[in-house]
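Accompanying notes for the structure given below.
None of the figures in this text is laboratory data; all of them are computed from the coordinates on show. These numbers come from a predicted model, not from an experiment. For neighbour counting, all protein chains shown are included, and Cβ atoms are generated from backbone atoms with ideal geometry for every residue, glycine included.
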Amino acid sequence: MGKIKFTKGELKRQRDSLKQYERYLPTLQLKKQQLQLEILHQLSLLDEKSRILDKKIQQAQTWAGLLSEEAVDIKPLLAVNEIKSRLLNIAGVDIPIFIEASFLPADYDLFSAPLWLDLGVEALRGILALQSEVDIIAEGISILRHELKVTAQRVNLFEKVKIPETEENIRLIKIYIGDQMANAVGRSKIAKRKIEELVLEESLA
């Protein structure tokens, strides 16, 4: 607890601070809740996309051996041109949302290429696009988790430190001011009694 002044001005300052904390805390709590819900949503989405990706990879493994049997360099056909994404604002924080992956044009001789190449290239591009989506979802979850950690720390600071500390400051200042007022009243009564005694003595003289 920081050092406080036991004055009416300090009492007002502490009360104003308490109002600010109590007004700001529900906003932080709501943000924390929104972040938690979005993380759960994104984790569910990540799990779904990861299962689809695993299934596609397993399916590709059944014909992947053809790649080594044919004299075809497939890597240039899988060159990514652009990964498109947009930003989505969740409780004041931006996370990337996958839109699509585009690839460079596949330039090969249709007559000399093996029959399965078109389908193979399409399947592998689908896997790469899905992997990009999974990576972007994971990046968004990481951003959300970091923001949740910061927000949770602020909520704890307000709930467990700032508000209790300010309430205690107000209590102590009110006690001090109350004691001072009581002392002042007591001194005033004593002074009044002395004056009355002097007046009485003078009147009897």
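Dividing the summed -39500 (n - 2.57) terms of all DSSP H runs of n ≥ 4 by the residue count of the chain sets its mean residue ellipticity at 222 nm at -25000 deg cm²/dmol.
Of the residues Ile97, Ile4, Ile190, the one with the fewest other Cβ atoms within 10 Å heads the list, and the complete ranking is Ile190, Ile97, Ile4. Partners of Lys174 within straight-line reach, counting lysines whose Cα lies under 28 Å from its Cα and excluding those fewer than 8 residues away in the same chain: Lys3, Lys5, Lys8, Lys12, Lys19, Lys160, Lys162, Lys189, Lys192.
Counted by neighbouring Cβ atoms within 10 Å, the residues Tyr108, Tyr21 run from fewest to most as Tyr108, Tyr21. Each Lys and Arg adds +1 at its Cβ and each Asp and Glu adds -1 at its Cβ; summed about the Cα centre, the chain shows a dipole of about 2120 debye.
Once the dipole of the stretch 8-194 is set up with Lys and Arg at +1 and Asp and Glu at -1 on Cβ about the Cα centre, which of Ala79, Leu148, Trp116 lies farthest towards its positive end? It is Leu148.
For the residues Leu172, Leu144, Leu53, a GNM of the chain with alpha-carbon springs under 10 Å puts the largest fluctuation on Leu172.
In straight-distance terms, cross-link reach from Lys49 covers every one of the lysines whose alpha-carbon lies under 21 Å from its own, apart from those fewer than eight places away in the same chain; here that gives Lys84.
Please identify, among Leu35, Leu117, Leu46, the residue showing maximal mean-square fluctuation in a Gaussian network model of the chain using a 10 angstrom Cα cutoff. Maximum fluctuation in the GNM of the chain, among the listed residues, is at Leu117. Connecting C-alpha atoms closer than 10 Å in a GNM of the chain, tell me which of Val80, Val155, Val134 has the biggest fluctuation. With Cα springs under 10 Å in the chain, the top fluctuation among Val80, Val155, Val134 is at Val80. At what distance in angstrom do the alpha carbon centres of the stretch 97-159 and the stretch 1-67 lie from each other? So the two Cα centres are separated by 22 Å. When only alpha carbons of the stretch 8-194 are considered, Rg and Dmax amount to 32.4, 122 Å.
By the beta-carbon count within 10 Å of each Cβ, the least crowded to most crowded order of Leu119, Leu78, fewest first, is Leu119, Leu78.
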